[in-house]
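Accompanying notes for the structure given below.
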Amino acid sequence: MKRIAIQGERGCFHDIAAHAYFPDEQVQLICCTTFEKVFEEVEKDPTVIALLAIENTIAGSLLHNYDLLRKSGTMVVGEQRLHIQHCICCLPDDDWTTVTEVHSHPVAFMQCRSFLAGHPALKAVEADDTAGAAACIARKRCRGRAAICAADAARIYGLKILEDSIEDNKHNFTRFLIACQPQKADFLRPLTDVDKASIVFSLPHEEGSLSKVLTILSFYGINLTKIQSLPVIGHEWEYLFYVDLTFDSLTRYRQSIDAITPLVKSIRILGEYREH
């Protein structure tokens, strides 16, 4: 059985992503209120696996999660992309004539702007979690309230779906990372079967320092699928660069890391895994 720590309650998108990544295995969820608590669970018990959203095609990167991942000392062993579809649901006795409020996570509201604009009478109330909003309505029997969440959450908590697929962009995807303690990494993915890596490095504050690194990666045939910069707190104009790399040759990839190491102030491999 895989014990997986997620942010959110049962039926949330993290829950769906966890079961999608481990489709043929028993999964025990450890539901956490924050991403900080997710990593606390992994630190407390080395057998626990963390699953966390890292970027969305509409909302962009979850910058705080990059920082948590780096500081946690965990290793990324996989990724899962999930098609995000939202529904609006309520208690079985409610309908469009009785619902006056809709509760959900702020990101879900952002992804359903057109739908909400078409229902100006609905008061949007922010919640910590999409599935949590649905669970709260079901648990407290909140008449007149609806939730925006996954259809799975509506079914789990016995709510009626008023309308499905209400997201603005039908090509809305979220990328999740699977991370664990380094000593557990080899049990979750064979190192010989990897074609993607996530790394983080800092650079000297010199002209052309990033260009030199990118040129070397290109020379070794390494493809950059993402680069994200975050400021180093307390060091003006210094940045950490989080980079996702894909490669055909593990040997060439490792040679490229050796080649750029003398050019950076610091570098750390956050994980090597199979691209989804």
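The values are calculated or read from the model by the stated rules, or taken from the named source; none is laboratory data. Since the model is a prediction, treat every value here as computed from it, not as a measurement. As a convention, Cβ positions derive from the backbone with ideal geometry for all residues, glycine included, and neighbour counts pool all protein chains shown.
For this structure, a couple of remarks:
- Unique residue being outside the structural domain of Arg143 (by TED's automatic domain parsing), small (Gly, Ala, Ser) and closer than 22 Å to Glu9 by Cβ when the list is Ala108, Ala53: Ala53
- Selection of the range 86-106 for residues being crowded, with 17+ Cβ neighbours inside 10 Å and under 17 Å from Glu167 (Cβ atoms) yields His86, Cys87, Ile88, Cys89, Val102, His103, Ser104, His105.
- Matching residues, the range 28-60, being closer than 23 Å to Ala154 by Cβ, in a strand (DSSP E or B) and at pLDDT below 95: Asn56
Residues are listed down the side, and each one gets a yes or a no for (1) in the same structural domain as Glu9 (by TED's automatic domain parsing); (2) assigned to a helix (DSSP H, G or I); (3) in contact with a Lys or Arg (Cβ under 8 Å, 6 or more places away or on another chain):
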position: Ala121; (1), (2), (3): no, no, no
position: Ala124; (1), (2), (3): no, no, no
position: Ala135; (1), (2), (3): no, yes, yes
position: Arg139; (1), (2), (3): no, yes, no
position: Ala147; (1), (2), (3): no, no, no
position: Arg155; (1), (2), (3): no, yes, no
position: Gly158; (1), (2), (3): no, no, no
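- Screening Glu206 with (1) exposed (fewer than 13 other Cβ atoms within 10 Å of the Cβ); (2) assigned by TED's automatic domain parsing to the domain that holds Ile137 gives one miss only, at (2).
- Residue satisfying condition, being assigned to a helix (DSSP H, G or I), at negative phi and modelled with pLDDT of 95 or more, within set Leu116, Leu82: Leu116
- Being surrounded by 14 or more Cβ atoms within 10 Å (Cβ to Cβ), among the aliphatic types (A, V, I, L, M) and touching a residue at least 60 places away in the same chain (Cβ under 8 Å) holds for only one residue in Val243, Val200, Val213, and it is Val200.
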